[in-house]
């Protein structure tokens, strides 16, 4: 039996051992802690000094390099479209709805305004969750998520690399908090995230889902957008509407939990469905002025090649967030697009379809073998054919492929149609549609206010304003008459015998055009009457007097650059000229003889609002102001009593309008040029293939195909008082014009009798 002394000694030793153990344990713990802290500080120090790889510089933090879409902006401040790799545009904090900010903080980072980039409480929660296997949510702050968005992690990272990358994001988040305010960080975050459906950043997301600016979002819209970024595909209201609604309502509940809204508001808003009535994916095929945007894209791409940034690199219209200010007025653009659609969908195309109904080869005025050759040529011009040939597929196999039925979506005036047809049948189907183009220019500035290149850019990519050149018909005659007036030999009231005239050609043959009608044939007629009725005989007389070369030179001074053969027939418009050139030329008359090259862009700014380049007008004095005024008065006659008279009796225009219709061979092209003191607007209408047209001139003439578009457009323009487009008369030149323009008594008599005469045109 042990004595008491022995027991005491053992107890003392045990106590001492315990104390030593505790001390050793504490030493180990504190040592490990110290080592951990040292390593942590060392790791952060090393990361900050780029021991483990590059880190964002101060300059990069000041100017984060996200891909920013370049915006095409109208003269009245509307965004017409964008050029982008990622459809992203930035907004400032002041442009955000308070509901959106509240929703974001409620669902993502409720202590956002309390931390400095890293939320210690959330971080400890994550660490504890990992240790216990009880995950209670993520620990990333908004600032950390922003760091990840601005400086992506890359793909296929190992676990050690992923851990290192996480530490790097912490360092970057701290730097962001140091360089930016909380409000700026929120705005930057919302500008960088992806919302699905091709929408990058809150501005494009608001437009895509709700057709709203970010500042106009209500509570439920804000809650949806704050929640969808977590998983854009899973929470898409289009693909997964139930998931989207559940996620939105979760955000709304969080907003109530943190006091941003009342519980009553929460319960009420949750009952509201997600409204997708204004949903629309924003791409290069949608929105206003699609044809113009494509034209400008090509022009700006060339501009960017020679325009350098401060670092010497060229600008990139898809990444650099440029702001391109155009001359287009969004209201006038809308009216122009509406006018084209209204005339063609409700009137002209149904008439055309009825006109050709029951004809075996409709809508071609060709024999079957000619149609086959035409369709094969169309096949070889198609993108489908090009890709197959580049892939090494034989011609026979390609032809066979073009005759295999396939699912496709095709154009109709009632909206796209999902159908099954062969590619060859689809090409023939599209050839049956009439096209129309419009360009409207502000007279004294040359600013293009409206531009419509075709009926639907999604299905018809060919631009009939700048890309296409078509026979201009009688719209060419003002060039000839201008020459005659400028030489001083002729006045509007000069009379010429209305008889047949012939011009000897180099081969010894004689060229002698005719007119469709015999009105006043053999009588003396004034030049004003001749132009009003688009008389071909008088045009031949003037061409014989001045010659083709002189007429071409006049056209050149008025901005026409297209090739023109020096043949007498140009007086009847056999040459191919673009609508863009024709409108610019016709505006010369209203601009007192000064040609102003139509312009589309006024200035370009970088993403910070600095002006990179201003664009100036190009002017050329084409004729004196008296000659220009004479031509305006002559072209007034077209509307008062000539081929454009339906503007008065059918559409009710009573204000001074100068105009000129044009109809080409086989009625393939219909034109109308309408000039007012403020606007010069040209219209072309026809099919893409010249063998597709009306069979009669009554339906195929310019006054029927093109003039109604001008009338519908100008009715809408005049009705909009905010545009301030004048209905007044043209300004007379400063020098005295001692000429009599109302030179034909019979015109007064016809007006008194309310007699309406429309001449059919033919060249």
| task | Could you calculate the FRET efficiency of residue 650 with residue 414 from 1/(1 + (r/R0)^6), where r is the beta carbon distance between them and R0 is 25 Å, rounded to 0.05? | result | 0.45
| request: Apply 1/(1 + (r/R0)^6) to the Cβ-Cβ distance of residue 461 and residue 239, taking R0 = 25 Å, and write down the FRET efficiency to the nearest 0.05. | output: 0.30
| field | Label-to-label distance, nm, for residues given as residue 357 and residue 469 (7 Å Cα→Cβ offset) | value | 4.0
| Spatial separation of Cα centroids for the stretch 578-600 and the stretch 653-729, in angstrom | 16
| said: Can you give me the distance in nm between label points at residue 313 and residue 257, each placed 7 Å from the Cα along the Cα-to-Cβ direction? | reply: 4.3
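Just to verify a number: FRET efficiency for residue 734 and residue 695, C-beta to C-beta distance, R0 = 56 Å, to 0.05?
0.65
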| message | For a protection proxy built on the mean count of beta-carbon atoms within 10 angstrom, sort 524-530, 286-292 highest first, please. | response | 524-530, 286-292
| request: Multiply the residue gap between residue 346 and residue 376 by 0.36 nm, knock off their C-alpha separation, and tell me the result in nm, one decimal place. | output: 7.6 nm
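Over the stretch 364-431, what is the relative contact order in percent, taking alpha-carbon pairs closer than 8 angstrom and at least six residues apart?
The normalised contact order for the stretch 364-431 reaches 26 percent.
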| Sorted by mean Cβ packing within 10 Å, highest first, what order do the peptides 725-733, 391-399 take? | 725-733, 391-399
| field | Separation between Cα centres of the stretch 607-645 and the stretch 263-318, rounded to whole Å | value | 33
| task | Kindly rank 461-473, 635-647 from highest to lowest mean number of other beta carbons found within 10 Å of each residue. | result | 635-647, 461-473
| request: Pull out a ≥ b ≥ c, the square roots of the eigenvalues of the alpha-carbon gyration tensor of the stretch 364-431, then state rounded if a/c is under 1.5, prolate if not and a/b is larger than b/c, and oblate in the remaining case. | output: oblate
| said: Quick check: pseudo-label points 7 Å beyond the Cα along Cα→Cβ at residue 726 and residue 545, how many nm apart are they? | reply: 3.1
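A short reminder: the numbers here are calculations on the coordinates, not readings from a lab. What you see is a predicted model, and the numbers here were worked out from it, not measured in a lab. Every residue, glycine as well, gets a Cβ built from its backbone with ideal geometry; the counts of neighbours run over all protein chains shown.
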